[in-house]
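Okay, so here's the structure we're looking at.
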Amino acid sequence: MVKTAFNIGEVEFKNRVLVASGTFGYGDELKELVDVSKLGGIITKSLSWKPRDGNPPKRIVETASGMLNSIGLANIGVEDFVEEKLPYLEKLDTVVIANIAASSVEEYCDVLALLDEKEGIDAFEINVSCPNVKEGGLSFGTDCNATAEITSKLRALTKKPLIIKLTPNVTHISEFAKAVEEAGADAVSVINTVIGMAVDIKTRKPKLSTVTGGLSGPAIKPIALAKVYEVAQTVDIPILGIGGIASTEDAVEFLLVGASAVQIGTMNYVDPTGSIKIADGLRRHAESNSLKDVGDLVGAIDANVEFSVLQSWL
């Protein structure tokens, strides 16, 4: 039997495939379609202290090999989440990670402190890198000191695994990864969406109400792979790779460049069961290559290049 499990801190995941925040709702929306017990974990939609309506429509646009979104962190708020969604989540036979987004350091702390008291939440993913909101979000994620400060303050509030979701919209993402590692993060999620835009040539207007939004899907996979590889040369904590993963082969690529696990995002809109197929595909790939552990793929790329050379291209 091939080992598929891995750990972040003291939390064990049954396999290395999770569903990304914002692409799987709060976990209950797809319960009739997906056997979530076969997933390594569920990452909830971003949670803020108060409910958010998000951005006005139009806020999702399909692009070549991808999707632009400008949802704006719409969510029901943490208190309604605890009352309405958590009772279902705590019964699931998979790891549940609460994603938190906020407009201030204090709000991050308040949301995490409330959730940390509740049963059913195994870990936290901190979204400091959303490009779709006017306040907070990206401004935190592009400031290394602010990102480290948030990490440090949240680290003091919980013993559960703390995962920081990093933006690709910076020059050297490895600097941010190292900063949050030193501030106490247990893992990093790499990457969030890339800033993009689409234009309607008939109306001569942007297709998104907010003009720009976050690009996801296969179009960003090469960018995501390069960012994961860069981070893997710099930190010792686990990396959750994200960005355009739509097949087992894609997931294997992310593991080879240094991701300990992957998150499936846009693919969930194409095939809600895609994550389960990829998890099974990783196991079969390991078997066919005579590996005893899927983890043997992590960082196994033969790049033959010094990181200093890589940096010269960044």
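Descriptive notes on the structure:
- Region 87-111, residues that are closer than 18 Å to Pro161 by Cα and among the hydrophobic types (A, V, I, L, M, F, W, C): Leu89, Val95, Val96, Ile97, Ala98, Ile100, Ala101, Cys109, Val111
- Tallying residues that are over 23 Å from Ser37 (Cβ atoms) and touching a strand residue (DSSP E or B) at 6+ places or on another chain (Cβ under 6 Å) within region 57-107 yields 13.
- Subset of region 69-83 (residues that are in a helix (DSSP H, G or I) and either modelled with pLDDT under 95 or farther than 25 Å from Ala148 by Cα (or both)): Glu79, Asp80, Phe81, Val82, Glu83
- Exactly one residue among Lys45, Lys50, Lys118 is in contact (Cβ under 8 Å) with a residue 24 or more places away in the chain, in contact with a strand residue (DSSP E or B) (Cβ under 8 Å, 6 or more places away or on another chain) and assigned to a loop (DSSP other than H, G, I, E, B), and that residue is Lys45.
- Matching residues, region 84-103, being assigned to a loop (DSSP other than H, G, I, E, B) and over 22 Å from Lys31 (Cα atoms): Ala101, Ala102, Ser103
- Glu249 vs. criteria among the acidic types (Asp, Glu), surrounded by fewer than 21 Cβ atoms within 10 Å (Cβ to Cβ) and either on the phi > 0 side of the Ramachandran plot or at pLDDT below 95 (or both): no
- Note on region 191-229: residues that are part of a strand (DSSP E or B) and either acidic (Asp, Glu) or touching a Gly at 6+ places or on another chain (Cβ under 6 Å) (or both) total 3.
- The criterion of being at positive phi, surrounded by 15 or more Cβ atoms within 10 Å (Cβ to Cβ), out of contact with any Leu (no Cβ under 6 Å at 6 or more places or on another chain) and modelled with pLDDT of 95 or more holds for Gly9.
- Any chance Pro56 is surrounded by fewer than 17 Cβ atoms within 10 Å (Cβ to Cβ), of a type outside the set (Lys, Arg) and either in a loop (DSSP other than H, G, I, E, B) or touching a helix residue (DSSP H, G or I) at 6+ places or on another chain (Cβ under 8 Å) (or both): yes
- Region 172-210, residues that are touching a residue at least 40 places away in the same chain (Cβ under 8 Å), charged (D, E, K, R) and over 16 Å from Asn145 (Cα atoms): Asp186, Lys207
- Residue that is surrounded by the fewest Cβ atoms within 10 Å (Cβ to Cβ), among those in region 159-169 that are hydrophobic (A, V, I, L, M, F, W, C) and assigned to a strand (DSSP E or B): Leu162
- Conditions (1) crowded, with 18+ Cβ neighbours inside 10 Å; (2) more than 15 Å from Asn169 (Cβ to Cβ); (3) not β-branched (Val, Ile, Thr): number failed by Lys227: (2)
- Some residue of region 233-241 being touching a residue at least 24 places away in the same chain (Cβ under 8 Å), over 22 Å from Ala183 (Cα atoms) and part of a loop (DSSP other than H, G, I, E, B): no
- Cβ separations smaller than 7 Å between residues 6+ apart or across chains give the following pairs from region 94-107 residues that are within 20 Å of Glu149 (Cβ to Cβ) to residues that are acidic (Asp, Glu): Asn99/Glu125; Ser103/Glu135; Val105/Glu149.
- Test: residue in region 84-101 that is at pLDDT below 95 and crowded, with 16+ Cβ neighbours inside 10 Å: yes
- Residue within region 287-298 that is loosely packed, with under 14 Cβ neighbours inside 10 Å, hydroxyl-bearing (Ser, Thr, Tyr) and over 27 Å from Ala185 (Cα atoms) present: yes
- Residue in region 170-180 that is modelled with pLDDT under 95 and either under 25 Å from Ile71 (Cβ atoms) or surrounded by fewer than 18 Cβ atoms within 10 Å (Cβ to Cβ) (or both) present: yes
- Restricted to helices (runs of 4 or more DSSP H) entirely inside region 245-289, those with at least 1 residues that are closer than 21 Å to Val61 by Cα and hydroxyl-bearing (Ser, Thr, Tyr) are 267-270.
The values are calculated or read from the model by the stated rules, or taken from the named source; none is laboratory data. Here the structure is a predicted model, which means the values were calculated and not measured. With ideal geometry, Cβ positions are generated from the backbone for all residues, glycine too; neighbour counts draw on all protein chains shown.
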